[in-house]
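The values are calculated or read from the model by the stated rules, or taken from the named source; none is laboratory data. Remember, it's a predicted structure, so these values are computed and weren't measured experimentally. Here the Cβ positions follow ideal geometry from the backbone for every residue, glycine too, while neighbour counts run over all protein chains shown. Calculation scope for accessible area: heavy atoms of the full protein, side chains included, ligands and nucleic acids excluded. Shrake-Rupley method; radii C 1.70, N 1.55, O 1.52, S 1.80 Å.
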Amino acid sequence: SEPLGCGSHTTGVPAATAYVLLVGLVALAAWRLRRPSGATFAAGAGAGVIAFAVAQLSSFPSAEVDPLAWFLAGLVVSAEHVAREPRPTPAATASAGLPVRLVALVATTVALWAGATGVSVDRSLGRAVRAAEGGDLTAAVSHADAATRLRADHPDAWYVAARVAARGPSLLDVDAALDRVEDGRRHVPGDPALEQLRVELLATRALRSGLPADRRAAIEAVRARLEADPTHP
């Protein structure tokens with residue numbers, strides 16, 4: 001059987017270079033905060049961010065730690081920028097404070113919602129994978145579909161839901177998987193893992209049915225995918 005793990009893709013040297021520059025800018029801001037500026041918490045967060053960046057050289061990234069680390073990185077960069085600006089007058093601070101607080105409140109609320117639902121989606125997908133590996137495909141599909149309902153913008157949820165549905169032996173199971181892929185493509189257009197899975201499922205349907213129409217559809221999908229990604233093995 002095929003693995004249920006979610007697909008991945010690389011973004012190449014430009015993205016890696018941009019990531020290294022980003023980490024470098026964050027580390028520079030954190031280093032500058034070591035000087036006394038009154039931002040004691042930000043200075044401590046800066047030390048933590050630098051330690052996190054160093055730890056990534058020898059450890060695997062953790063989905064539980066990464067969001068907090070990048071949240072602190074944003075705080076560090078913002079605090080370092082504020083520390084370099086001239087102190088505003090009390091009147092200016094009072095007039096500008098309310099919009100900033102509202103934006104911060106909205107951003108924090110969205111971040112908390114995204115984090116909480118993201119954890120819930122990961123747990124549902126974990127239960128789906130375990131149920132599928134245990135042979136309970138009904139429960140597996142139920143858990144995976146629950147994840148897609150909670151976060152329709154989460155490509156991993158649609159990917160796993162389609163993979164789980166396709167584990168059944170009939171053409172109807174392949175069609176159910178294709179339905180989930182198409183729903184996922186509508187919510188997350190252009191996701192490479194879903195695009196690749198669609199091609200695989202169309203090929204599986206053609207092999208199972210043996211119908212000329214299914215073979216043509218699979219060949220057309222493969223050719224279209226090759227045009228979009230000619231280096232894919």
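Worth pointing out:
- Residue that is farthest from PRO192 (Cα to Cα) [pool: residues in the stretch 111-138 that are among the hydrophobic types (A, V, I, L, M, F, W, C) and open to solvent by less than 30 Å² (accessible area, probe 1.4 Å)]: ALA131
- ARG205 being surrounded by 19 or more Cβ atoms within 10 Å (Cβ to Cβ), farther than 22 Å from VAL129 by Cβ and of a type in the set (Lys, Arg): yes
- Filtered by the rule that a residue be at pLDDT below 75 and under 15 Å from GLY74 (Cα atoms), the stretch 10-42 gives LEU33, ALA39, PHE41, ALA42.
- Of the residues making up the stretch 177-195, those that are closer than 15 Å to ALA152 by Cβ, part of a helix (DSSP H, G or I) and of a type outside the set (Gly, Ala, Ser) are ASP179, ARG180, VAL181, GLU182, ASP183, ARG185, ARG186, HIS187, LEU194.
- When the residues of the stretch 146-166 are filtered to those that are more than 17 Å from the chain's Cα centre (by Cα) and open to solvent by 30 Å² or more (accessible area, probe 1.4 Å), the one that is nearest to LEU125 (Cα to Cα) is ALA146.
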